[in-house]
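Read the structure below first, then the notes.
The values are calculated or read from the model by the stated rules, or taken from the named source; none is laboratory data. All values derive from a computational prediction rather than experimental measurement. Cβ: placed from backbone, ideal geometry, glycine included. Neighbour counts: every protein chain shown.
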Amino acid sequence: MINKIKVSDNAELIFSKDECGYNEVINDLKNANIIKIVTFNISAENSNLLNEIKKLKDTTQVEVISNIPNRYATYYSEAARKRAKKNIESYTEQLNPEKFSPMVSSYFNFTNHSKIILTENVAYIGSANASDESNNNFEGGVIIKDRKIISEIINTTIPMIKEDSIEYYGNEISRYIILVLNLLTRVKRIKEQFHFSFYKVNDHRGADIEYYDSYNADVSPILIEEIEGIMYEYEDIINELHKNGDIDIDDIKKNNISHIIDIISELIDFSNYDVQVKSSEYLEEYSYIAYEENLDEYAQLAFERANNEKIELADEVENTVIEIEKELDCVFENIKNLYDCIIEYKELNEKIDNT
């Protein structure tokens, strides 16, 4: 049974029994880039929600924050200690990040009783836990589809709960894993974008031939800025890891970030060169001899002049492009090695099991 009461265009109260009250969130998981789950408990085994998360693409960022029922700060009997031990083992087994994609992080909050299940598109806040057993109960909550409100929950409410939580792994390993994987994905993307800003592929007698295309080379200033930004992010992560005394990354090959930034800056003039704008400037130069009867001729002349300049600039930066690609390849390999290094430190946080 599902009973809905409309509150506004983007919100409705939902009451459920023998059905999942947050099915709309589950149905949106496949569309989501961000998923947050805050719960008091999870299913004892074979959770529908967790099974759906296991099916997601490995670029979806998922955070799960759960309490562990029967875990207490102090135990006054051996029976209570054993119950806690059993639950702790069950929860750490089910929420083990290794059972999911690399972008899933698990946390435990032993004072949490709130229930929030959301994507960036739809959110459920109510009484139902992230467990199939909640389907058997009368549960009530609210479904929110206002992305501005959901964003505020993601950026303010959940961080407050997370700040008071214990990470599944010690030494902030989960956070570093997410940071590095996110960086790796973005570097792979910009490598491809950058490469095909200058190179084209032609079919020659059934074989694909790749070549540097001076005539059509064009790189966006936004992409140049993004590459610079990613280099600074990479440098910040490396510096932060060096300050973390528990993670040794001394064997990771160092990149000269300043050098990479310098050679990327050599493409700024080329990236900002606009053939249409330059054509207009040249046509303005011809204005004293370009009349209505020959305007098209001089417009074409201005365009060809500007376009030839762009081609010459593309020829001039070819060696710079080759050098940047080599540096990006090196950075990409080093980030992969950094990830491999970090995951070697994955150990269950000793603060979780207090039995």
Under 6 Å between Cβ atoms, at least 6 apart or on separate chains: pull out the pairs that start in segment 55-67 with a residue that is buried (at least 19 other Cβ atoms within 10 Å of the Cβ) and end on any residue that is among the polar types (S, T, N, Q) and part of a strand (DSSP E or B).
Glu63/Ser105; Val64/Ser106; Ser66/Thr39
For the condition in a loop (DSSP other than H, G, I, E, B), among the hydrophobic types (A, V, I, L, M, F, W, C) and either in contact with a Cys (Cβ under 7 Å, 6 or more places away or on another chain) or surrounded by 10 or more Cβ atoms within 10 Å (Cβ to Cβ) (or both), what is the one hit in Ile264, Ile260, Ile249?
Ile249
Evaluation of Ile252 against (1) closer than 28 Å to Ser174 by Cα; (2) modelled with pLDDT of 90 or more (one fails), failing number
(2)
Going residue by residue through segment 272-283, is there one that turns out to be touching a residue at least 40 places away in the same chain (Cβ under 8 Å) and either of a type in the set (D, E, K, R) or part of a helix (DSSP H, G or I) (or both)?
yes
Criterion: touching a Lys or Arg at 6+ places or on another chain (Cβ under 6 Å) and either closer than 30 Å to Asn337 by Cα or acidic (Asp, Glu) (or both) - qualifying residue of Asp213, Asp203:
Asp213
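When you scan segment 104-202 for strands (runs of 3 or more DSSP E) that lie fully inside it, which ones turn up with 3 or more residues that are within 18 Å of the chain's Cα centre (by Cα)?
Details: elements: 104-108, 116-119, 123-126, 139-144.
Passing ranges, in order: 104-108.
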Give me the pairs: first residue in segment 1-13 and in contact (Cβ under 8 Å) with a residue 24 or more places away in the chain, second residue surrounded by 10 or more Cβ atoms within 10 Å (Cβ to Cβ) and of a type in the set (Gly, Ala, Ser), beta-carbon distance under 6 Å, and six or more apart or on different chains, which are they?
none
Go through segment 52-86 and report how many residues are within 21 Å of the chain's Cα centre (by Cα) and either β-branched (Val, Ile, Thr) or over 20 Å from Ser165 (Cα atoms) (or both).
12
Checking Asn202 against (1) over 30 Å from Lys346 (Cα atoms); (2) crowded, with 16+ Cβ neighbours inside 10 Å: exactly one of these is not met. Which one?
(2)
Sole residue being more than 30 Å from Arg305 (Cα to Cα), acidic (Asp, Glu) and in contact with a Gly (Cβ under 8 Å, 6 or more places away or on another chain), chosen from Asp246, Asp208:
Asp246
Output the qualifying pairs, or none if there are none: Cβ atoms under 8 angstrom, residues six or more apart or on different chains, first residue in segment 109-133 and more than 13 Å from Lys36 (Cβ to Cβ) and free of Cβ contacts under 8 Å to residues at least 24 places away in the same chain, second residue β-branched (Val, Ile, Thr) and surrounded by fewer than 21 Cβ atoms within 10 Å (Cβ to Cβ).
none
Tally the residues that are more than 19 Å from Thr60 (Cα to Cα) and assigned to a strand (DSSP E or B), restricting the search to segment 1-35.
13
Out of all the residues in segment 28-43, is one or more touching a strand residue (DSSP E or B) at 6+ places or on another chain (Cβ under 8 Å), assigned by TED's automatic domain parsing to the domain that holds Ile158, of a type in the set (Asp, Glu) and over 30 Å from Asn354 (Cα atoms)?
yes
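Name every residue in segment 42-52 that is assigned to a helix (DSSP H, G or I) and surrounded by fewer than 21 Cβ atoms within 10 Å (Cβ to Cβ), in order of residue number.
Within segment 42-52, Asn48, Asn51, Glu52 meet the criteria.
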